[in-house]
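Chemist: The following block contains the structure, expressed as structure tokens.
The values are calculated or read from the model by the stated rules, or taken from the named source; none is laboratory data. What you see is a predicted model, and the numbers here were worked out from it, not measured in a lab. So basically every Cβ, Gly included, is an ideal-geometry build from the backbone, and we count neighbours across all protein chains shown. The protein model used for the area step is the full one, side chains on, heavy atoms only, and it has no ligands, DNA or RNA in it. Shrake-Rupley method; radii C 1.70, N 1.55, O 1.52, S 1.80 Å.
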Amino acid sequence: MTYIEICIILFITVGPEVVRALECLSCNGVNHTANCHVTTTCSQYEHCYTKADDFGSSVVYSLGCRPSAQCYGHTSSGGSLVGRDLKRRVFIANPTGCNQCCSIDYCNRDVCSHSGGTITTSGSCVDSPDYNCPLISSTFNICGYVHHAKIVCRKFCGLCDLVDGVWGAWGDWSMCERTCGKSQQVRVRACDDPAPAHGGLDCIGSGIEYRNCSMKPCPVAGGWSGWTPWTACSKTCGVGLQRRDRTCSNPYPSHGGDHCFGDSVEDKICFGMPCMDGGWSSWSTWGTCTVTCNGGLKSRQRTCSNPKPSLLGRQCAGNNMEYASCNSAVCPVTSATMRVYFSVNTPTGHLYSDHHPVFSKIVINEGNAYDISTGTFNVPVPGIYQFFVTFVTTHSTTQCFIRKNRDVLVYALTTANTDWKSASASTYVHCVTGDVIDISCGGWEYVDHNQTSMFSGALVSAD
């Protein structure tokens, strides 16, 4: 018993002794006080009472009259003391061990079925007539103890709207969290029957509940075991294979689980000792000499096939070809074998006989048929020749003619104002021994005197 409860019982006196007989409800074994419609008149020293017994799945109520001595204590002075069994709490929807008295006509309809004994049968909010609320408040500040004050001084302390929360019914169990194997189900309830309001107590206990559930076994996917050691190489020499294995047993697939993905066998190439090194075959006979005179080459060959080397065997050492000189005798000189060609560049700026440009540099003059002093080419061997001239000039119109015995064969022409311009000409012509080939130019003094200006010719085919 709390301090405030002891003080209320020992020190609060309520007026003169009750002498009026009360009208009370009187029923046994009803499932709610509202279902009791039988009334009775109590004796002078009896009070109305209600008792609620909780049997787990149901609550049974008993209502009637009870001797005041069983409801209140006595003082040595003989006065009446207000004495409620305040240790027993009254719950709105689920009374547990409720046993309370009251002293207003038909008041036992509302005890043990509401949050306190101060709601009258008419539904109005009043203070219990068994207590002197102003005196309790001034002496012990009863209103500071809300959950005691709501029982005895509800109206005085302004607690008419206070409602303690009561759990509503449990909801349905949820589906299992998983579709296979072991998991959990959950259900919830809300503190809303009624919900706590205006400072009322929240519901006691948890609003969520779990239970285990089991579904069909989950599929188990297969897992590979470790690889076995590699086998020995399949070949003792050359190239072979090695193999290793694994099984889908870690774990085995079950309950419709996937089989292992991938190969259960793995191969790799292995190399043994070389089976055979290569050996040379015999040399072939000498081949034909590359020329008939003036020195040439002949060759012979062999192959690494006696035997062929195996894959890891060594190749034959040395060369597979051999060369030797041949036909070293000097060839007789003939027109068919005579080589005639020349090329000159870098003009001196001098014109021989006022027409023939003279070049200062001979690049080549095979057969010595070009005369650098006169700028003319004297044909030594009859046949087909090619001749070519090119030059670069500026600030002038310059033209050059390739001539045979002073007859023009072809010419090149360029006109340059302020920048450099180039021109070139080429021709094929049949010549006989003694013919003279030269070039005749106008405006030659404006030609660039470097290697960009040149004159060349060659015997293409002798008669």
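Chemist: What is the distance in Å between the Cα centroid of segment 292-353 and that of segment 224-285?
Modeler: Taking the Cα centre of each part, segment 292-353 and segment 224-285 sit 52 Å apart.
Chemist: Around Asp193, what is the net charge, scoring Lys/Arg as +1 and Asp/Glu as -1 over all other residues with Cβ under 15 Å from its Cβ?
Modeler: -2
Chemist: Can you figure out the FRET efficiency of His355 with Val460, using R₀ = 35 Å and their beta-carbon distance, to the nearest 0.05?
Modeler: So, using R0 = 35 Å, E works out to roughly 0.85.
Chemist: Treating the beta-carbon of each Lys and Arg as +1 and of each Asp and Glu as -1, no other charges, what is the dipole magnitude of segment 118-229 about its Cα centre, to the nearest 20 debye?
Modeler: 500 debye
Chemist: Using a Förster radius of 30 Å, what is the FRET efficiency between Ile372 and Tyr323 based on their Cβ-Cβ separation? Nearest 0.05, please.
Modeler: With R0 = 30 Å, the Cβ-Cβ based efficiency is 0.15.
Chemist: A further question on this structure: Counting each pair of different Cα atoms once, what's the Kirkwood radius of segment 306-463 in Å, rounded to one decimal?
Modeler: 18.2 Å
Chemist: Continuing with the same structure: Could you give the length gained on full extension between Val432 and Asn417, defined as 0.36 nm per residue of separation minus the Cα-Cα distance, in nm?
Modeler: Length gained, Val432 through Asn417: 1.3 nm.
Chemist: Excluding same-chain pairs closer than 8 in sequence, count the lysine pairs in the chain whose Cα atoms lie under 17 Å apart.
Modeler: 4
Chemist: Please report the base-10 log of the normalised intensity I(q)/I(0) for segment 339-391, using a Debye sum with one equal scatterer per alpha carbon and no solvent, at each q in 0.19, 0.22, 0.26, 0.28 (1/Å).
Modeler: Debye intensities relative to I(0), on a log10 scale: -0.66, -0.86, -1.13, -1.24.
Chemist: Let me check something: with ligands and nucleic acids excluded, how do Lys308, Lys150 order by accessible area (1.4 Å probe), largest to smallest?
Modeler: Lys308, Lys150
Chemist: Given q = 0.22 Å⁻¹, what are the Debye log10 I(q)/I(0) values for segment 244-337, with equal point scatterers placed on the Cα positions and solvent ignored?
Modeler: -1.06
Chemist: Follow-up question, since we're still on this one. Can you give the helix-only mean residue ellipticity at 222 nm for the chain, where every DSSP H stretch with n ≥ 4 adds -39500 (n - 2.57) and the sum goes over all residues, rounded to the nearest 500 deg cm²/dmol?
Modeler: Dividing the helical sum by the residues of the chain leaves -1500 deg cm²/dmol.
Chemist: Could I ask something else about it? Might you tell me the accessible area per residue for the chain, computed with a 1.4 Å probe and given in Å²?
Modeler: Roughly 56 Å² per residue, with all protein chains present.
Chemist: Please work out how much accessible surface Phe140 shows to a 1.4 Å probe, ignoring ligands, DNA and RNA, in Å² rounded to 10.
Modeler: Roll a 1.4 Å probe over it and Phe140 shows about 40 Å².
Chemist: Right, another one. Just going by the charge dipole of the chain, with Lys and Arg at +1 and Asp and Glu at -1 on Cβ, which of Val265, Gly279, Val30 is farthest out on the positive end?
Modeler: The Cα lying farthest towards the positive end belongs to Gly279.
Chemist: Additional query: Hey, got the dipole for the chain? About the Cα centre, +1 on K and R Cβ, -1 on D and E Cβ, debye to the nearest 20?
Modeler: My answer is approximately 1480 debye.
Chemist: Now a separate question. For the chain, what's the relative contact order in percent, using C-alpha pairs closer than 8 Å and at least 6 residues apart?
Modeler: Answer for the chain is 8 percent.
Chemist: If you don't mind, another one. Determine the share of the chain's accessible area contributed by carbon and sulfur atoms, expressed in whole percent, with a 1.4 angstrom probe.
Modeler: Ligands and nucleic acids excluded, carbon and sulfur give 53 percent.
Chemist: Next question, about the same structure. Please state the shape class of segment 399-445: rounded when a/c is under 1.5, otherwise prolate if a/b exceeds b/c and oblate if not, all from the C-alpha gyration tensor.
Modeler: Verdict is prolate for segment 399-445.
Chemist: Next question, about the same structure. Taking the Kirkwood radius as the inverse of the mean 1/r across Cα pairs, report the Rg/Rh of segment 108-233.
Modeler: With Rg and the Kirkwood Rh in hand, the quotient comes to 1.50.
Chemist: Can you pull the percent of Cα pairs in segment 218-375 with separation above 24 Å?
Modeler: Cα-Cα pairs of segment 218-375 separated by over 24 Å account for 73 percent.
Chemist: Using a 1.4 angstrom probe on the protein heavy atoms only, line up Trp227, Trp280 by accessible area, largest first.
Modeler: Largest to smallest exposure gives the sequence Trp227, Trp280.
Chemist: At 1.567 mPa s and 4 °C, plugging the Kirkwood radius over alpha-carbon pairs of the chain into Stokes-Einstein gives what diffusion coefficient in µm²/s?
Modeler: Here the translational diffusion coefficient equals 35 µm²/s.
Chemist: Run the simple label-point estimate for Gln386 and Gln315 please: 7 Å along Cα→C-beta, distance reported in nm.
Modeler: My value for the distance between the label points is 4.1 nm.
Chemist: Normalising by the residue count of segment 335-463, find the relative contact order in percent from Cα pairs under 8 Å and 6+ residues apart.
Modeler: 36 percent
Chemist: Work from the charge dipole of the chain (Cβ charges, +1 for Lys and Arg, -1 for Asp and Glu, about the Cα centre) and give the residue of Tyr106, Phe156, Cys237 farthest towards its positive end.
Modeler: Result: Cys237, furthest along the dipole toward the positive end.
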